[in-house]
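*Asks:* Below are the structure tokens for one structure; questions will follow.
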Amino acid sequence: MPLTRPETLQALHFIGVELPATTRIPDVGLNRRLRDALNAAQDKDTLPATLDINALKKWAPPSSARQSAPSTPRAAARRGEGEPPQGPLLDAFSRGNAGEAFQNMSGSNGPDLYTDVFADLRQTTMALANIIDAGRSTAHVGSSAEDCGVNVRIVSVVEVNEHTPAIVVLYRDFTIATAAEGLAWVQEHFRGPAPLTKVHATPLEIKLFLKLLDTNAALLPEGHDVAKLRGPHEDAYRLSVVLPVAPLDFTAVAKLNYNPGCHVCGKRDSKYCPCRCLRYCGRECQTADRAAHKQTCKSLDKGVWKAVKVRACPPGNEHMRAFALNRYDRLDPAAQRRILAEVESGPRAGDAPPPPSLYGDAGFIAKLQVALGPAPTEIMVYDKRRSMQVYVVAEDDAELFGLLVDEMKKPGSGYGGVKMYRWARRTGDWELEICIDRQPIGQVMW
Ligand SMILES: [Zn+2]
Ligand SMILES: [Zn+2]
């Protein structure tokens, strides 16, 4: 059950990789991106290239394992009422980020329920960990319409490194055509003291889960004797591993998004559209994207772009050891330790490294905001995802600063004279180009 092209784009979108719906990147290129994104979400570059599951030791809960609250509302929801508190393997599989933690605190539902397929996928991997904590070893991940699903039998849990367990599984997917074969297995495991657990999933989530399993199968050494592991009704079952899946941080997202080439096909040899927000390799790609880009392009026609120097912090704050927690920052225990160490030993605000280059050199919408008051001295500039938060400082260029503040005060241009949205491009570590006199079309509010 491979993902269709629109489904692949949708999965990439929720992981944080934005491609236009009209993209002409060939299917193999799209699939490669999804594979890279899933690998990044599993921190694979920190793991060995091959997991010799026979040589790795069995995973054991860390001695410091504490019972803790469920990391996301849906982790709790999927466990159901009245079940025991979160077990150690689920703890090790819970890798949320700050945004989700804040949503939990405010009692909201977290990522969009059953629309964010990446959040759904993470919930499914956590559900497997939870099943193991509960002493069970089989699951059917299936859609509510019962038209597709994956049977999963847990073979073992091994320790890849101090923070990373891996669940070794035998699995097979089923559609309506093959449902009878899947049902025989389900019936086999539905009895007994630790019966099969049903995990509800959307069809798209099931496809992405299969993509994850297929991708991870490459981690296992070649020539592994799978037949030995198979039980009744498991003739066509494949072996793979499930690793903790985390939301990507900005560095990973920036790496996956970086594409200096054509907006449509990714070809490197490309030229800017007259609006200077996107690049195209030629007429064919430009025409293919015309419907999607026309309005933006027109709104930017003859706009005035100015080079704007930006700083990491307002003047006078350079000595501060501030740490702005981003809603995409990871909050699992290992990440928390790393963040604390970074804050304590990290650079002062004045020496902060340049923000990640999430958009390459393509255009993005920036929000510009001044503090309320009679004589502003700096403008805060940030993007919707807050991958960057930088400052335009009056003393760096008083004339340009005045232009920007005036723009905010124009009727229909800014909001209350203190903020406005503008198209911007990154032109250097600490330099942006901002189209100062054109309001982005549509209702931009964040
Ligand atoms: Zn192209
Ligand atoms: Zn354009």
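The values are calculated or read from the model by the stated rules, or taken from the named source; none is laboratory data. Please read these numbers as outputs of a predicted model, since none were measured by experiment. Please note: Cβ atoms are built from the backbone with ideal geometry, for glycine as well, and neighbour counts cover all protein chains shown. To get the accessible areas, we keep the full protein, side chains included, count just its heavy atoms, and leave off ligands, DNA and RNA. Shrake-Rupley method; radii C 1.70, N 1.55, O 1.52, S 1.80 Å.
*Asks:* With a 1.4 Å probe and all protein chains left in place, how much of the accessible area of the chain comes from carbon and sulfur atoms, in whole percent? The partial results should precede the final answer.
*Replies:* Details: 11670 of 21950 Å².
C and S atoms contribute 53 percent here.
*Asks:* Take the Cα atoms of the chain, find their three principal axes, and give me the spread along each one in whole Å, biggest first.
*Replies:* Projected onto the principal axes, the Cα atoms of the chain cover 77, 52, 38 Å.
*Asks:* Given the options 90, 132, 363, identify the residue whose Cα lies farthest towards the positive end of the charge dipole of the chain (+1 on Cβ of Lys, Arg; -1 on Cβ of Asp, Glu).
*Replies:* Farthest along the dipole direction, towards plus: 363.
*Asks:* Just for the chain, what percent of DSSP beta bridges are antiparallel, to the closest 5? Walk me through the numbers on the way to the answer.
*Replies:* Working: 53 of 57 bridges.
Of the beta bridges lying entirely in the chain, close to 95 percent run antiparallel.
*Asks:* DSSP loop trypsin sites (Lys or Arg not before Pro) in the stretch 353-446 with at most 15 other Cβ atoms within 10 Å of their Cβ, which ones?
*Replies:* 384
*Asks:* With a cap of 14 neighbouring Cβ atoms within 10 Å, and only residues DSSP puts in a loop, list the GluC sites (Glu not before Pro) found in the stretch 135-182. The partial results should precede the final answer.
*Replies:* Working: sites: 146, 159, 162, 181; in loops: 146, 162.
Sparse-neighbourhood loop GluC sites (Glu not before Pro): 146, 162.
*Asks:* Over the chain, with a Gaussian network built from C-alpha contacts below 10 Å, which listed residue (12, 183, 204) shows the highest mean-square fluctuation?
*Replies:* 183
*Asks:* Solvent-accessible area per residue for the chain at a 1.4 Å probe radius, Å²?
*Replies:* 49 Å²
*Asks:* In addition: Could you work out which residue, out of 270, 137, 387, moves most in a Gaussian network model of the chain, that is, has the largest mean-square fluctuation with Cα springs under 10 Å?
*Replies:* Ranking 270, 137, 387 by mean-square fluctuation puts 270 first.
*Asks:* Assigning unit charges at the beta carbon (Lys, Arg +1; Asp, Glu -1) and nothing else, what dipole magnitude in debye, to the nearest 20, does the chain show about its Cα centre?
*Replies:* 760 debye
*Asks:* Calculate the FRET efficiency for residue 444 and residue 294 from the Cβ-Cβ distance with a Förster distance of 25 Å, rounded to the nearest 0.05.
*Replies:* Details: r = 18 Å, r/R0 = 0.71.
For R0 = 25 Å, the calculated efficiency reads 0.90.
*Asks:* Using the crude model of +1 on Lys and Arg Cβ and -1 on Asp and Glu Cβ, and no other charge, please compute the dipole size for the stretch 112-202 relative to its Cα centre, in debye to 20. Don't jump to the answer; show the numbers that get you there.
*Replies:* Numbers: 6 positive and 11 negative charges, 66 e Å.
Charge dipole of the stretch 112-202: 320 debye, to the nearest 20.
*Asks:* What is the set of long-range amide H partners of residue 169 at a cut-off below 5 Å, with H atoms built 1.01 Å from backbone N?
*Replies:* 155, 240, 241, 242
*Asks:* Here's something else I'd like to know. Can you find, among 184, 158, 445, the residue farthest towards the positive end of the dipole of the chain? Put +1 on the C-beta of Lys and Arg, -1 on that of Asp and Glu.
*Replies:* Result: 445.
*Asks:* Going 7 Å from the Cα of residue 268 along its beta-carbon direction, which residues of the stretch 28-59 have the amide nitrogen within less than 15 Å of the resulting point?
*Replies:* Inside the label zone: nothing.
*Asks:* Working out 0.36 nm times the residue gap between residue 375 and residue 180, then minus their Cα-Cα distance, what length gain in nm do you get to one decimal?
*Replies:* 62.8 nm
*Asks:* Take peptides 236-247, 392-403 and line them up by average Cβ neighbours within 10 Å, highest first, as a rough protection proxy.
*Replies:* Highest to lowest by the protection proxy: 236-247, 392-403.
*Asks:* In nm, give the distance between the simple-model label positions of residue 429 and residue 187, each being 7 Å from the Cα along the Cα-to-Cβ direction.
*Replies:* Computed distance between label sites residue 429 and residue 187 equals 6.8 nm.
*Asks:* Note the full-extension length gain between residue 415 and residue 159 as 0.36 nm times their separation in residues minus their Cα-Cα distance, in nm to one decimal.
*Replies:* The residue 415-residue 159 span can extend by a further 86.8 nm.
*Asks:* Mean residue ellipticity at 222 nm from the helices of the chain, using -39,500 (n - 2.57) per DSSP H segment of n ≥ 4 over the full residue count, to the nearest 500 deg cm²/dmol?
*Replies:* Working: 13 runs with 140 residues, N = 446.
For the chain, the value works out to -9500 deg cm²/dmol.
*Asks:* Expressed as a rounded percentage, what relative contact order does the chain have, with Cα pairs under 8 Å and six or more residues apart?
*Replies:* The value is 15 percent.
*Asks:* I'd like the trypsin sites (Lys or Arg not before Pro) in the stretch 246-298 restricted to DSSP loop residues with at most 15 other Cβ atoms within 10 Å, sorted by number.
*Replies:* Counting only loop positions with at most 15 other Cβ atoms within 10 Å, the trypsin sites (Lys or Arg not before Pro) in the stretch 246-298 are 268.
*Asks:* Most mobile of 312, 291, 92 per a Gaussian network model of the chain (Cα springs, under 10 Å)?
*Replies:* 291
*Asks:* Now, a different point. Quick one: if you stick a label point 7 Å off each Cα along the C-beta vector at residue 318 and residue 198, how many nm between them?
*Replies:* Result: 6.5 nm between the two label points.
*Asks:* Okay, moving on. Suppose each label sits 7 Å from its Cα in the direction of the beta carbon; what would the residue 336-residue 397 distance come out to in nanometres?
*Replies:* Going from the residue 336 label point to the residue 397 one covers 4.3 nm.
*Asks:* Right, here's the next one. Set Lys and Arg Cβ to +1 and Asp and Glu Cβ to -1, take the dipole of the stretch 388-446 about its Cα centre, and tell me which of 413, 428, 391 lies farthest positive.
*Replies:* With unit charges placed on the Cβ atoms, the residue in question is 413.
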